[in-house]
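*Asks:* There's a structure below that I have some questions on.
The values are calculated or read from the model by the stated rules, or taken from the named source; none is laboratory data. This one's a predicted model, so the numbers in the text were calculated from it and none came from an experiment. Every residue, glycine as well, gets a Cβ built from its backbone with ideal geometry; the counts of neighbours run over all protein chains shown.
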Amino acid sequence: MTEIDRISGYLPILGYFQNGVHFLLCFNDDVFFLMKSNTGADWVSVGEIADKNENNEKYFKKLLILNDLEFFLVGEYGFYYSKDGGQSWEYLKVTDNMIYDADFGNESELFLCGLNGFICKVNIQNYETTYFEPITNQRLETIYFSEPNVGWAGGPNMILLKYSTTVSVDEQINNDLSDFRIIPNPASDYVDIYVGDELFDIENNTVEIISPLGILMTKQNIDIRSENSMLKRLDISKFPQGIYFVKFGNKIKKFIKI
């Protein structure tokens with residue numbers, strides 16, 4: 001019997017997969033708490049998040065993990081955040097509208113969207129909040145950043161491109177040789193994976209695409225050279241529509257299959 005077997009209550013999986021570690025939000029009669037597993041079989045408690053009666057947060061939408069120490073648990077009106085790997089948590093309320101989704105715009109900004117065209121940006125260094133003027137009165141159900149500073153927000157009848165300061169593909173690749181890029185994103189038939197020379201390792205040159213449930217969709221070696229980078233084209237034409245994780249080395253990014 002593992003520790004998770006002794007928990008009562010509903011156990012919503014938050015759909016996050018990072019470096020092989022799965023996270024699960026749980027609660028019993030009194031508190032919400034986070035658990036993690038390296039295998040999906042043996043679970044251990046990370047830390048207590050909050051009393052269930054605090055801050056009027058009864059449902060959670062997403063768990064976002066910036067790095068090994070910074071966790072963000074998004075609720076209906078705000079989010080809990082931890083700076084110590086989930087051991088302790090603080091809460092920030094951002095709206096009276098209902099939040100539907102959230103994503104990192106970059107390593108210092110968290111974007112949230114929701115009812116009545118609500119979009120806001122939170123600086124996660126000092127937690128200052130910027131509210132954008134709604135351009136629709138419809139709910140925005142998803143927000144997603146395909147690359148730093150390139151944001152997509154969508155509702156029942158629309159998709160909006162916002163907050164874009166992207167340079168050309170060549171400039172992105174050549175200026176960041178220690179990272180990798182996914183082009184195009186969103187994509188329907190294929191994605192090209194560009195890996196900068198400083199990140200590429202001849203002993204560890206495989207790229208993986210993983211579903212939100214942790215299923216390995218494909219795993220291939222990168223072996224084609226482009227200028228200042230390594231290139232691999234991956235066929236995704238038969239993948240179901242949705243969001244997928246791309247892993248190379250210890251870095252993970254996302255793309256949308258449409």
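*Asks:* Residue by residue through segment 58-76, note down the ones that are among the charged types (D, E, K, R) and in a loop (DSSP other than H, G, I, E, B).
*Replies:* Lys58, Lys61, Asp68, Glu70, Glu76
*Asks:* Among the residues of segment 85-106 satisfying the criterion of being among the polar types (S, T, N, Q) and closer than 21 Å to Tyr144 by Cβ, which is surrounded by the fewest Cβ atoms within 10 Å (Cβ to Cβ)?
*Replies:* Asn106
*Asks:* I'd like the residue in segment 50-67 that is at pLDDT 80 or above and basic (Lys, Arg) and, out of all such residues, is farthest from the chain's Cα centre (by Cα).
*Replies:* Lys61
*Asks:* Can you work out which of the residues in segment 67-84 that are of a type in the set (A, V, I, L, M) and under 30 Å from Asn137 (Cβ atoms) is surrounded by the fewest Cβ atoms within 10 Å (Cβ to Cβ)?
*Replies:* Across segment 67-84, the extreme among qualifying residues is Val74.
*Asks:* Right, next: Yes or no: segment 106-115 includes at least one residue that is more than 22 Å from Phe255 (Cα to Cα), in the same structural domain as Leu63 (by the TED database) and at pLDDT 80 or above.
*Replies:* yes
*Asks:* Can you confirm whether segment 193-200 contains a residue that is part of a strand (DSSP E or B), among the hydroxyl-bearing types (Ser, Thr, Tyr) and modelled with pLDDT under 80?
*Replies:* There is at least one residue in segment 193-200 that is part of a strand (DSSP E or B), among the hydroxyl-bearing types (Ser, Thr, Tyr) and modelled with pLDDT under 80.
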